[in-house]
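Q: Input: one structure, supplied below.
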Amino acid sequence: MKKLITIFLLFGSTIYGQGLFEFFKLTADDDNPEKFDRIVVDINFNNWLNAPPGVDQKLYSLGGSFYWYKDMPLGEKSNVALAYGVGLDYHNVYSNGAVKYDVDVEGNTFTNLTPITLPPGYTINKVTFKYVEVPVELRLRTMNRSREESRDFNFKLYLGFKAGYLLGNNSKYRDNVNKVKVYRIQNTLPYRYGPTVRIGFNNIAFNAFYSLTPIFESDKGVELIPFSIGFSWMRF
């Protein structure tokens with residue numbers, strides 16, 4: 001055990017001394033073309049298009065995502081790379097809308113979003129959709145200087161597309177008295193896909209996503225089209 005602790009401390013001091021960033025770059029890249037942004041964390045403002053009249057969505061509808069990418073430069077010190085990966089996305093929307101089910105005479109269920117009056121003191125009224133996603137990107141970036149200089153200033157434009165599979169969803173309401181959480185919102189489309197873009201400098205970028213699919217199945221729910229805008233932190 002003492003030997004294991006000693007080895008761990010020596011290894012940790014070595015990593016700390018040369019910097020975690022440098023350690024990952026050296027062990028991962030070696031002498032191959034330099035790779036970028038294999039870990040991406042997004043903080044997004046989520047919203048819907050086509051919300052029913054009277055449903056007001058909140059500006060603080062924050063969500064997030066985490067991706068791991070395989071970055072593949074198209075040549076030594078290339079300005080162009082291809083990347084694909086896998087990740088998780090949380091699409092949260094806060095509003096004054098409540099999920100309601102309308103049932104017709106044949107027993108078919110239609111999922112609606114109905115405006116409600118939120119009492120003073122309420123703290124949460126939101127819906128959440130969780131996806132596992134596969135993104136692909138065409139990455140354009142400035143790489144016309146030395147490897148060391150490119151870390152100081154590097155413009156990036158990443159054009160992409162992602163597809164996701166629904167892992168789960170829920171609605172949540174909470175005030176000073178009650179807390180209600182309902183899982184498995186009916187008639188939710190089990191997948192989504194759409195274009196993405198990232199544009200920024202160094203490790204920070206602006207990102208956007210527009211879904212080409214609605215939240216609910218056709219003719220089985222209100223036609224909400226999700227989109228997101230936010231900021232990305234990219235590293236390694």
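Q: Which one is modelled with the highest pLDDT, of the residues in the range 20-49 that are surrounded by fewer than 11 Cβ atoms within 10 Å (Cβ to Cβ) and part of a loop (DSSP other than H, G, I, E, B)?
A: Only one residue tops the list, namely N32.
Q: From (1) aliphatic (A, V, I, L, M); (2) at pLDDT 95 or above; (3) surrounded by 14 or more Cβ atoms within 10 Å (Cβ to Cβ), pick out the condition that doesn't hold for L212.
A: (3)
Q: Filtering the range 165-179 down to residues that are assigned to a loop (DSSP other than H, G, I, E, B) and free of Cβ contacts under 8 Å to residues at least 24 places away in the same chain, which residue is nearest to V132 (Cα to Cα)?
A: For the range 165-179, the residue satisfying everything is N178.
Q: I want to confirm something. Restricting to the range 115-140 and keeping residues that are hydroxyl-bearing (S, T, Y) and at pLDDT 90 or above, which single residue is nearest to K181 (Cα to Cα)?
A: So the residue we want is T128.
Q: Another question, then. Scan L212, L159 and give me the residue that is free of Cβ contacts under 8 Å to residues at least 40 places away in the same chain, of a type in the set (A, V, I, L, M, F, W, C) and not in a strand (DSSP E or B).
A: Of L212, L159, the one residue that is free of Cβ contacts under 8 Å to residues at least 40 places away in the same chain, of a type in the set (A, V, I, L, M, F, W, C) and not in a strand (DSSP E or B) is L212.
Q: May I ask you to list the residues in the range 109-145 that are touching a His at 6+ places or on another chain (Cβ under 6 Å) and either exposed (fewer than 15 other Cβ atoms within 10 Å of the Cβ) or closer than 15 Å to D56 by Cβ (or both)?
A: Listed by number, the list is empty, since nothing qualifies.
Q: Shifting gears a bit: Considering only residues of the range 170-198 that are under 15 Å from the mean Cα position of the chain (by Cα) and not hydroxyl-bearing (S, T, Y), which is surrounded by the fewest Cβ atoms within 10 Å (Cβ to Cβ)?
A: P195
The values are calculated or read from the model by the stated rules, or taken from the named source; none is laboratory data. Predicted model, so just to flag it, every value in this text is computed and none were measured. Neighbour counts are summed over all protein chains in view; Cβ atoms, including those assigned to glycine, are modelled from backbone coordinates with ideal geometry.
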